[in-house]
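Data first, discussion second: the structure below is written as structure tokens.
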There are 4 protein chains.
Amino acid sequence: MTEQINIALLGSKFMGRAHSNAWAKVGRNAEELATFASQWGWANASIDWREVVSDPEIGLVDIGTPNNVHAEQAIAALEAGKHVACEKPLAGTLADAEAMAAAAAAATGQTFVWYNYRRVPAVALAHQLVRSGAIGRIYHARACYLQSWGGPDTPLLWRFQGDIAGSGAHGDLNAHIIDAVRFVTGEEITTVEGAIEHTFIEERELLDEGAGGEIAGSGAATAGAKGQSTVDDAVMFLARLSGGGIASFEASRLATGYHNANRFEIHGELGALRFDFERMNELGFYDASGDGQTAGWTTIDVTRGGDGHPYADAWWPDSHGLGYEHAFVNQAADILTMVGGGAPVVPMPDFADALKTQKVLHAAIESARHRSPITI
Amino acid sequence: MTEQINIALLGSKFMGRAHSNAWAKVGRNAEELATFASQWGWANASIDWREVVSDPEIGLVDIGTPNNVHAEQAIAALEAGKHVACEKPLAGTLADAEAMAAAAAAATGQTFVWYNYRRVPAVALAHQLVRSGAIGRIYHARACYLQSWGGPDTPLLWRFQGDIAGSGAHGDLNAHIIDAVRFVTGEEITTVEGAIEHTFIEERELLDEGAGGEIAGSGAATAGAKGQSTVDDAVMFLARLSGGGIASFEASRLATGYHNANRFEIHGELGALRFDFERMNELGFYDASGDGQTAGWTTIDVTRGGDGHPYADAWWPDSHGLGYEHAFVNQAADILTMVGGGAPVVPMPDFADALKTQKVLHAAIESARHRSPITI
Amino acid sequence: MTEQINIALLGSKFMGRAHSNAWAKVGRNAEELATFASQWGWANASIDWREVVSDPEIGLVDIGTPNNVHAEQAIAALEAGKHVACEKPLAGTLADAEAMAAAAAAATGQTFVWYNYRRVPAVALAHQLVRSGAIGRIYHARACYLQSWGGPDTPLLWRFQGDIAGSGAHGDLNAHIIDAVRFVTGEEITTVEGAIEHTFIEERELLDEGAGGEIAGSGAATAGAKGQSTVDDAVMFLARLSGGGIASFEASRLATGYHNANRFEIHGELGALRFDFERMNELGFYDASGDGQTAGWTTIDVTRGGDGHPYADAWWPDSHGLGYEHAFVNQAADILTMVGGGAPVVPMPDFADALKTQKVLHAAIESARHRSPITI
Amino acid sequence: MTEQINIALLGSKFMGRAHSNAWAKVGRNAEELATFASQWGWANASIDWREVVSDPEIGLVDIGTPNNVHAEQAIAALEAGKHVACEKPLAGTLADAEAMAAAAAAATGQTFVWYNYRRVPAVALAHQLVRSGAIGRIYHARACYLQSWGGPDTPLLWRFQGDIAGSGAHGDLNAHIIDAVRFVTGEEITTVEGAIEHTFIEERELLDEGAGGEIAGSGAATAGAKGQSTVDDAVMFLARLSGGGIASFEASRLATGYHNANRFEIHGELGALRFDFERMNELGFYDASGDGQTAGWTTIDVTRGGDGHPYADAWWPDSHGLGYEHAFVNQAADILTMVGGGAPVVPMPDFADALKTQKVLHAAIESARHRSPITI
């Protein structure tokens, strides 16, 4: 980067930390580091975000706040001529997402959505392999995002409050795997054929005023008092893909044994791919077009820049594993490249693209509630 | 076995071989071996089955024929006072299955259905662990049976002909995993909430007259001529369990990369279980009730009779792996035990039990065709 | 088999059962079944083996007795003009093994040694891949056979008595992996460069008179009384291969957590192979000569006859897993083929071949005891 | 850290980058960040290291230079009263290492050695579990560090030059696993019983003057001209542990298929542990003291701070995987804690401790060259 861009970060919890780390690492060698450091301090100081998004010093506004305020903040920033990077899902409601995409279409700034798993090297490689024709016509996609921190002992965090979070596992987790299937297959989801939305734990202990914990265990519950969980604990749905294939999706916070199992399996006429974030440095590939005698699932160690693996060159020598945060840094780097007029390593979702994922999220819930298929 | 029972086997293809092997091994040390050997030779000779099922020498009729003749044969045998063991699914249609269950209820003979995977030691152990309370209240069941031999080069075998097979992957594969989820959880499936039935390859090459291959590659196709495939290649559905949990099922013959991936994952409040037949001697168990510091998925080698693993004692010293056929032998042994008045190692499905699985199969197809939920 | 051959089986414990099962299955469709059945009954009756090996009705003598009687029985049988199949290791001592190989060289009968793991399909495929040049010049072989039944609670079975067993883990387990490395690489072991022979548990409880348990837990120990274990619990050694590579071997009965981990890894200039009997239906293959971007360890499901996997055609449709016993049946089939003048699927070890393995076993112990390298 | 410490970094290649990243991340929120940034710029400017180590502004000297200059730099820094952190192995020769340990004993500064894998969370947890008695008396340790970048196409980098590197795979890789076995078991290696040191590729292409690549592929070779490799490509050795157990070690740069397989297996009377850096966020644990029916290898996801996993709290929410660099950051944090008078999370190797590892490295080479056991 020869040009400097000042970045304002809105939000300071889990995603705030993840984004901060990403901006810091991608800019480590550059002048903007000092600038960023002061912005970060400032963001933490909770100054009114309306001043920030109209501050002429700021070039890009990064939104890591709860889903229900994305639209207001993003639209204000776009109207102020800023570039906007927004945490996923694009919004808590379809109406908000549509307004954001409309604002983006009318704005001069670029938009980016933090579907960061696209930049996990294994997922980026899966995208490249499908695009290269390695698996041919797609028959099946099977995606799950399974966690287990939502047991009965977890109190009523904001993530269980529908008015703030928009939804539960669905917007938090299905959003990622819908985006992943769209990104990897290059196809759109055309109908939801059936869905289940389910809340296993209907009441949870209330948190003390102000505790506001981020995740399980981080907030002390007020003894005894309970409140209603107003989000799903799990959502599953079946769908059709634009290329003629069929797909299933499942998100849960009660999949005991899995902590962060963001995974997909995609089967095509010529081969298949599979990924599990719990082993994020590996991509499974089955080449059905070669010699049957040695055919099988190949576990690709995707950290080998010398072998052409996306993003690996930016990090350590081959086969020194990467972690969760590196996808964020990869995305921060691609965003800065795009702001400078360059092309990202793999396609970046903008608001228009993220609106398509939002429509699938919406259709799945409609399908579950009306117990009927929904065409998107 | 102190008593001798003569067994007649109907059917001579894949299942005919599997059953023959099972009866032979379970009886190796016993007098009935010689009797069986002659029966087997006789069965291969294709003598009219109606004579067989009324032969006073015969005590048990084992039916391994195509699904569309199960009912006629089984009912005749039951009416002749025989015990009847029937290959799964119970029948090609719900009406046939209901008639069979009714005949069984009225008969003096016992009935048995070859849902043989119940007697894969890992699946039997999963059943025992759930029954012992090891995973508590069940939240999720996720079951797939994935194969890949149904590509466009596979000709129009009988398994692709709806009038003979009843269905495609659905009756062949979903039948197994519906039974497995019912068996392991001890719960019933109460509604199908949505389903997709799909045929990817609509036309297949016709086989030469009389070729009659059993599976992929085994029959030479007639150059050029094609016929219509009248069964599904894949069926997926979402369901609710009687205990309040939710479940998904998927069967496919086009899941490239998987050859025999009969697998399930079951998540409960206290733990979780997972199984994949491609590693049939292993059961995955997650104990969420113990020390978190050493919690994780434990891969149990289930071939350890000394440690109480079901069926392992009947075979080799601990940790000498078993294969596909041993589940059949285990079932043959349990059937003979039951005919003799004893109890099986784990519950055996009779016609009434298999009718419940058949109802789920039927509901899933109804749900897919009417694009609507179906209560069972 | 159009010709009939009568087989006498000497020995009736673990290996006796494994061999019996093998002969029974391979001959199931053939006339010799009845003959075998009577032989098996006869063998169990413990009639003097000297009569058996000179019985003119007998064509092949199968020796499954303890190591210290192999030589006497095999030589007598060879001198009587029989074919001889002998359990591994060839003998309890190098002198016995040399006498057996000399007798075999002078005899008219063929000899066979039950290094049965050669006929586990994955190991046979590894042999074929190396021979086809798939991994090129060999750099490394790393072989272990790890069990854990030899803890302090296991009593003084015959396998812990040096005068009967010849050695402990070494002859029992290293014998298998020495043979496997020789078989798969096609190279000989030229020197042992260093070795450790170790007995962790020096005293074990005496068994009741006549208890004679085969393995852990199978014999009740006499309270209190202890005897000296006179065999190794573990032996490790380092070696050089005739092609310039280097190798390590390790056998243990105290490798807690592993029950039957017979495994090897072989690294060549163009690729690598790995195998673990605990997942016996899988072979790991790394092809270093292809596209780096999709390079990785491929897990080959070796049960696919349609894809040319050795021995798979004899069993079930593709991808229906095999078990421990099938390697014995495969060997029995190859022995009968060879007796009939045919060729085995993969090379069969005769006494001359097994003597080479015995020399390595001997050199390793010499190296451990003299704390010095030994050239073979 | 309330106190500030200025750090000088010597060395600027792979380890220079790894260390820089570590210091930067551990100090991100603190005042020393700005100080470090200027030091880093300064270190890159290649000013004479003698000035640096005597600069009164500097409190800690971090040495990431080639092995043959560690001693001179470390001793000078210690004599100047600095704390010293040194890359592993401690030195290129035993004499250098002894001089360094002597200097450390006489100095006021603390010493630290970058055996960074101790601070991979899985390895730290293995140490804690052994110390807690989870596996009891140790029978076996089996450690390998397998890479494959040393094929015939790799040119004559400094790592193949004995006068600079001291040794090849041995000092580079065996150093890590010797330290790991000592750290995890808490035992010392008392004798080397046998060893092989081997150079497969004796001549390699010369690099262009000044190319000085760090690893495979990073330097353009001069067409044709070759030079002698003067280091080992692989070293294997067998050893005895102070607690009575036995162990094997193997390091290779020609283990085709493995890129960074730093792994160990440790078997004790009550349980076992296994680790492979290629899946660095997992620790395998076998608990042999519990219920046999559910016994098996448990794969512990070690990134769960809430479950007491070492170092996990410093990073992301549970189960968001860590990468290679985090062990360095963990070590930087522990070093700064210790400089401030605190205790590290798990024991930190100082020069005296690292000298013990160096003695084992030395004994293994002596054993290989003299073809004889060596007592340490």
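For residue D:190, go 7 angstrom from Cα along the Cα-to-Cβ vector, then report the distances to that same point in the other copies in nm, smallest first. Here the equivalent label points are 3.6, 6.6, 7.4 nm apart from this one. When the Debye formula is applied to the Cα atoms of the stretch A:273-354, each taken as the same point scatterer, what base-10 log of I(q)/I(0) results at q = 0.17 Å⁻¹? Relative scattering, expressed as log10 I(q)/I(0), comes to -0.84.
Suppose R0 equals 56 Å; then what is the FRET efficiency for residue A:375 and residue B:137 from their Cβ-Cβ distance, rounded to the nearest 0.05? E between residue A:375 and residue B:137, to the nearest 0.05, is 0.95.
Considering only B:102, B:312, B:71, the mean-square fluctuation computed in a Gaussian network model of chain B, springs between alpha carbons under 10 angstrom, is largest for B:102.
For the stretch D:60-77, putting each phi into the Karplus relation 6.51 cos²θ - 1.76 cosθ + 1.60 with θ = phi - 60° gives couplings of 9, 9, 10, 9, x, 8, x, 4, 6, 10, 3, 4, 4, 5, 5, 5, 4, 5 Hz, in residue order, rounded to whole numbers and with x for Gly and Pro. Within chain D, antiparallel bridges make up roughly 70 percent of the DSSP beta bridges whose residues both belong there. Here, the protein assembly as shown is characterised by an Rg to Rh ratio of 0.97, where Rg is the alpha-carbon radius of gyration and Rh the Kirkwood radius. With its label point defined 7 Å out from Cα along the Cα-to-Cβ axis, residue B:314 lies at 2.4, 5.5, 5.8 nm from the matching points of the other copies, in increasing order. Computed over the stretch A:223-376, relative contact order equals 9 percent, with contacts defined as Cα pairs under 8 Å that lie 6+ residues apart.
Between the stretch C:290-348 and the stretch B:224-293, how many Å separate their Cα centres? With the stretch C:290-348 and the stretch B:224-293 each reduced to a Cα centre, they are spaced 28 Å.
Using Cβ point charges alone (K and R +1, D and E -1), the dipole size of the protein assembly as shown about the Cα centre works out to roughly 0 debye. Specify whether the C-alpha gyration tensor of the stretch B:226-376 places it in the rounded, prolate or oblate class, a ≥ b ≥ c being the square roots of the eigenvalues: rounded for a/c under 1.5, otherwise prolate if a/b is larger than b/c and oblate if not. The shape class here is prolate. Out of B:353, B:179, B:48, any idea which swings most in a Gaussian network model of chain B, alpha carbons joined below 10 Å? Greatest mean-square fluctuation among the candidates belongs to B:48.
Spacing of the modelled spin labels on residue B:202 and residue D:352, each 7 Å from Cα toward Cβ, amounts to 8.2 nm. The chain A residue nearest the rotation axis shared with chain B, using its Cβ and rounding the distance to whole Å, is A:194, 1. Averaging the Cα positions of each part gives two centres, and for the stretch D:48-100 and the stretch B:101-170 these lie 68 Å apart. How many percent of Cα pairs in the stretch C:116-188 exceed 21 Å? The answer is 40 percent, as a whole percent.
With neighbour counts taken as other beta-carbon atoms within 10 Å, the residues A:140, A:83 rank, fewest first, as A:83, A:140.
Computed over the alpha-carbon atoms, chain A gives an Rg to Rh ratio of 0.96, Rh here being the Kirkwood radius from the mean inverse distance.
The longest part of chain A holding none of the exposed loop GluC sites (Glu not before Pro), meaning those outside H, G, I, E and B in DSSP with at most 14 other Cβ atoms within 10 Å, is A:210-376.
Report relative contact order for chain D in percent, whole number only (criteria: Cα-Cα under 8 Å, sequence separation at least 6).
Contact order relative to length: 21 percent.
Secondary-structure-derived ellipticity at 222 nm for chain D, considering helices only, amounts to -9500 deg cm²/dmol, per-run term -39500 (n - 2.57) for DSSP H runs with n ≥ 4.
log10 I(q)/I(0), Debye, Cα-only the stretch A:85-127, no solvent, q = 0.14, 0.26, 0.31, 0.33 Å⁻¹? Values, matching the q order: -0.42, -0.89, -1.03, -1.09. Build a GNM of chain A with springs between Cα atoms under 10 Å apart, and of A:354, A:122, A:295 the one that fluctuates most is A:295.
In nanometers and ordered shortest first, the copy-to-copy spacing of the residue C:370 label point, defined 7 Å from Cα toward Cβ, is 1.9, 8.5, 8.7.
None of the figures in this text is laboratory data; all of them are computed from the coordinates on show. Computed from a predicted structure; not experimentally measured. Using ideal geometry, Cβ is built from the backbone for each residue, glycine included, and neighbour counts are taken over all protein chains shown.
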